[in-house]
Amino acid sequence: MTLLDLSSGETAHILSLEGGSSFISRLNAQGIHKGRQIRKISGSGGHGPVIIEVMGSKLAIGRGMAGRIKVKPTQ
Amino acid sequence: MTLLLSGNPNVGKSVVFSRLTGLDVLSSNYPGTTVEFLRGTARLGGRKFTIIDVPGTYSLSSTCAAEEVACRLLSEEKADLVINVVDSTNLERNLFFTLQLIEKGLPVILLLNKWDMARHRGISIDAAELSRRLGVPAVPFVAVTGEGLSELNETVENCLRDGLGAPHPVPTGDDGKWRLIGELSRQVQKIAHKHPTFLEKLEDLSVAPLTGLPIAVAILIVTFYAVRTAGEALTRFVAEPLFASAYRPLLDRLVEALGPGSLVRDILLGRTREVMESFGVLTTGVYVPFVVVLPYIISFYLVLGFLEDLGYLPRLAVLLDRAIHRLGLHGYGSIPLMLGMGCKVPAMLATRVLETRRERIIAMALALLIAPCMPQSAMIFSLLGKYGLKYVAAVFITVAAVGILSGVLLHRMMKGEAQELFMEIPPYHMPRLKTLLVKVWMRMRGFILEAVPMIMLGILAINALDIAGIVSAISAVFEPAARTLLGLPGETVPVMTLGFLRKDVSILLLTPFHLTPDQLVVACVFLTLYLPCLATFSVMVKEAGMKDAARVALLGFAFALAAATALKTVLSLSFLWPV
């Protein structure tokens, strides 16, 4: 599943980033990288950017980008 | 010697810069406030340094023009020291850039800024251990108060005397770096669990669409009324009385001294005592900037500064993301638009944080066309307000519609797609009164030093042209076009050509023609849109190149003509609707 499918309030681990190297390094630089735990705050309503919490800070991510971030919910 | 201040966006580099150099610098609570580097000097560790405030960046590979500036400075400027400013409340995320700097072999000193705030949030960092593990000096610091300055001095002195020593090797890949950072933060950082404060709860409420939109609407309405009420109150109760009691008597004495009917007197004091119509450099030229415009500048920047420092602008950007996508921008593009309601010059500069040329051009056009700048708005309020709010609203609504239309059109016409929002959202901070007032003062000073001379120059120019007979010559040529297209008398044309100097002046210069409210509405719309002012245009050329700047300006002119003509036609049909 991707970041889009995650429900608000849920915690997940990042499995992979689907995109070119500049896409990946841009996300990596802000702490979105394989293995990182994140929490989705909002953006499950089907429109508008997804907001996640990473290492205590908040990031807004456009839906297209969010759809290319594969995640696995934390049990 | 040269010292670079670098780090992630919104960690407080500009505040550190002002602390070290004593220079006032604009800072706000959103990423991307500084897009151009700033230079200053300071003594540190007994040596004189040139200090450069580098725009914030997350990595050494740039994704936008502001980051390009940062990367270029870090690789080309032969820095003797690089102070890496990190946000102590956000240590783990900030260390990625630190590792990149160390990897590049730069002489890094780690400055753990916002140390007090970290403590307040229950975050404790072992700075000595962090320094030992990285192999670079680490100094706790509070830029807003100056706490840690003497330790920084000592550290710099030690570094200059003994050299920096070799930092520990850094893993090459991104994943390796993050692994190391994970270990480091487990070893040096402890975070006590705390219940969320009211502001922290408000943070999430104001970005979730369901609660965020009503909050945004409420904030915008309050903003509008606060600016209008405070501006009007300042004019009526401070600026007007001061002008009448302190300045007017001086003028009257000057009138006596100069005697009647001289050319000098006409230019300095104008031909009537009516201050808005005399066009004397010392009468209208002083009254308009200080009594009509300045109060609105103060009230607008008080409110904008409050929202900037609170951290509201990036949240509005998130809420607007979806709507503004239809105009070809992602949410961050709304920040230049908001700045543009104050002045277009910083708005043009702020387009630098956008990733592509296409986005920057759309943002420039939108920022120019979607609303007048504050000096212009103040003139529109002062000229049209007395006929009723509906005339003022007609101007603003038409202008906003034109702006939106231009965005839709550019988005359709230009190749490429809208980029996606990818932005850090900072936590809310209660703004500090002192910082806020310094910011308002800086923007006021900018207006007084840069705009007031231009306003006076504009008034001088129209006097000179009038006396030389050029006004009537221009009027004669453009009379038919002005009359048929805009329904305005030919004498208003020379006024419009002068609007290129300053937009508020051009609207002011309409006063003596005694236009009807409808004509004024058309003229205000046209003058708002038809050209950017000289200062704005020169920044556009610098940012986008002559070609693109000219294209945007031309687009604005075409829209201005079309919108004003259409509006004139609609207003002339108004007998069809009973009001």
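Add +1 for every Lys or Arg and -1 for every Asp or Glu among the other residues with Cβ under 9 Å from the Cβ of A:L59, and state the total.
Combined, the nearby Lys, Arg, Asp and Glu give -1.
Can you compute the equivalent ellipsoid semi-axes for the protein assembly as shown, i.e. the square root of 5 times each eigenvalue of the Cα gyration tensor, sorted largest first and rounded to whole Å?
On the way: eigenvalues 485, 172, 91 Å².
Values for the protein assembly as shown, descending: 49, 29, 21 Å.
Stretched out fully, how many nm does the piece from B:E157 to B:K190 gain, at 0.36 nm a residue minus the Cα gap? Walk me through the numbers on the way to the answer.
On the way: separation 33, 0.36 × 33 = 11.88 nm, distance 3.01 nm.
Here the answer is 8.9 nm.
Before rounding to the nearest 500, sum -39500 (n - 2.57) across all DSSP H runs of length at least 4 in chain A and divide by the residue total; then give [θ] at 222 nm in deg cm²/dmol.
That comes out to -4000 deg cm²/dmol.
To the nearest 20 debye, what charge dipole does segment B:54-200 have about its Cα centre, counting +1 at the Cβ of each Lys and Arg and -1 at the Cβ of each Asp and Glu?
In total the dipole reaches around 420 debye.
Helix B:174-188 against the longest principal axis of chain B: what's the angle in degrees, Cα atoms only, rounded to the nearest 10?
Between the helix axis and the principal axis of chain B, the angle is about 70 degrees.
For the residue pair B:R39 and B:L23, what label-to-label distance in nm results when each label sits 7 Å from Cα along the Cα-to-beta-carbon direction?
A separation of 0.9 nm, rounded to one decimal place.
How big is Rg to Rh over chain A, alpha-carbon atoms, Rh as the Kirkwood inverse-mean-distance radius?
Computed over Cα atoms, the ratio is 0.91.
Calculate what fraction, in whole %, of the accessible area of segment B:141-265 sits on carbon and sulfur atoms when a 1.4 Å probe is rolled over the protein chains.
C and S fraction of accessible area: 65 percent.
Normalising by the residue count of segment B:424-576, find the relative contact order in percent from Cα pairs under 8 Å and 6+ residues apart.
The value is 19 percent.
So what is the relative contact order of segment B:84-240, in percent, for Cα pairs below 8 Å that sit 6 or more residues apart? Don't skip to the answer; put the middle values down first.
Values: 141 pairs, mean separation 34.8, N = 157.
Once normalised by length, the contact order is 22 percent.
Tell me the total accessible area that B and A bury against each other, 1.4 angstrom probe, in square angstrom rounded to 100.
The B and A chains share an interface burying roughly 2500 Å².
Where does helix B:534-572 land angle-wise versus the long Cα axis of chain B, in degrees 0 to 90, nearest 10?
Roughly 40 degrees between the two axes.
In debye, nearest 20: dipole of the protein assembly as shown around its Cα centre with unit charges on the Cβ of K, R (+) and D, E (-)?
Roughly 620 debye, rounded to the nearest 20.
Over all directions, the average projected area of the alpha-carbon convex hull for chain B comes to how many nm²?
Averaging across all directions leaves 30.3 nm² for the Cα convex hull.
Tell me, which residues of segment B:42-86 get at least 20 Å² less accessible area when the other protein chains come in, versus the chain alone (1.4 Å probe)?
Buried on complex formation: B:Y58, B:T63.
Take the alpha carbon atoms of segment B:275-317, find their center, do the same for segment B:170-217, and report the distance between the two centers in whole angstrom.
What the calculation gives is 36 Å, centre to centre.
Over chain B, what is the relative contact order in percent, taking alpha-carbon pairs closer than 8 angstrom and at least six residues apart?
12
Only helical DSSP H runs with n ≥ 4 go in: add -39500 (n - 2.57) per run for chain B, normalise by residue count and round the 222 nm mean residue ellipticity to 500 deg cm²/dmol. Can you show the working numbers first?
Working: 26 runs with 333 residues, N = 579.
Result for chain B: -18000 deg cm²/dmol, rounded to the nearest 500.
Using label points projected 7 Å from each Cα along Cα→Cβ, tell me how many nm separate B:A401 and A:R39, to one decimal.
The two pseudo-label positions are separated by 4.7 nm.
Considering the options B:G446, B:G499, B:L486, tell which one lies farthest towards the positive end of the dipole of segment B:432-554, charges being +1 on Lys and Arg and -1 on Asp and Glu at the Cβ, about the Cα centre.
In segment B:432-554, that residue is B:G446.
So for the protein assembly as shown, taking the charge dipole from beta-carbon charges (+1 Lys/Arg, -1 Asp/Glu), which of B:S62, B:A400, A:G43 sits furthest toward the positive end?
It is A:G43.
Any idea of the accessible area per residue across the protein assembly as shown, 1.4 Å probe, to the nearest Å²? Intermediate values should be presented prior to the final figure.
Values: 27700 Å² over 654 residues.
On a per-residue basis, 42 Å².
What distance in nm separates the two pseudo spin-label positions at B:V222 and B:M430, each 7 Å out from Cα along the beta-carbon direction?
1.5
Give, as a single signed number, the net charge of other residues whose beta carbon lies under 12 Å from the beta carbon of B:P314, with Lys and Arg counted +1 and Asp and Glu -1. Before the final figure, lay out the partial values.
Details: positive: A:K58, B:R315; negative: B:E203, B:E308, B:D321, B:E424.
So the environment of B:P314 carries a net charge of -2.
FRET efficiency for B:A550 and A:Q75, Cβ-Cβ distance as r, R0 = 60 Å, nearest 0.05?
Rounded to the nearest 0.05, the efficiency is 0.50.
List the residues of segment A:1-45 whose accessible area drops by at least 40 Å² when all protein chains are present, compared with their chain alone, using a 1.4 Å probe and counting only protein heavy atoms.
Checking the loss per residue gives A:R26, A:N28, A:A29, A:Q30, A:H33.
Report which residues of segment B:161-177 become buried by 40 Å² or more of accessible surface when going from the isolated chain to the complete set of protein chains (1.4 Å probe; DNA, RNA and ligands ignored).
B:D174, B:D175
What is the sum of charges around B:T272, taking Lys and Arg as +1, Asp and Glu as -1, for the other residues whose C-beta is under 15 Å from the C-beta of B:T272?
-1
With a Förster radius of 41 Å, plug the Cβ-Cβ distance of B:L573 and B:R236 into 1/(1 + (r/R0)^6) and report the FRET value to the nearest 0.05.
Values: r = 37 Å, r/R0 = 0.89.
It comes to 0.65.
Based on alpha-carbon centroids, what's the gap between segment A:24-71 and segment B:1-18 in Å, whole number please?
27
For chain B, build the charge dipole from Cβ charges (+1 Lys, Arg; -1 Asp, Glu) around the Cα centre, then report which of B:G165, B:H429, B:F559 sits farthest towards its positive end.
Among B:G165, B:H429, B:F559, the one farthest towards the positive end of the dipole of chain B is B:F559.
Mind giving me the FRET efficiency for B:R483 and B:Y387? R0 is 25 Å, r the Cβ-Cβ distance, nearest 0.05 is fine. Numbers along the way, then the final one.
Working: r = 22 Å, r/R0 = 0.88.
Efficiency for this residue pair is about 0.70.
If you line up the long axis of helix B:470-481 against the longest principal axis of chain B, both from Cα atoms, how many degrees apart are they, to the nearest 10?
Helix B:470-481 sits roughly 90 degrees off the main axis of chain B.
The values are calculated or read from the model by the stated rules, or taken from the named source; none is laboratory data. These numbers were taken from a predicted model, which means no experiment stands behind them. Cβ: placed from backbone, ideal geometry, glycine included. Neighbour counts: every protein chain shown. These area figures cover heavy atoms from the full protein model, side chains too; ligands, DNA and RNA do not enter into them. Shrake-Rupley method; radii C 1.70, N 1.55, O 1.52, S 1.80 Å.
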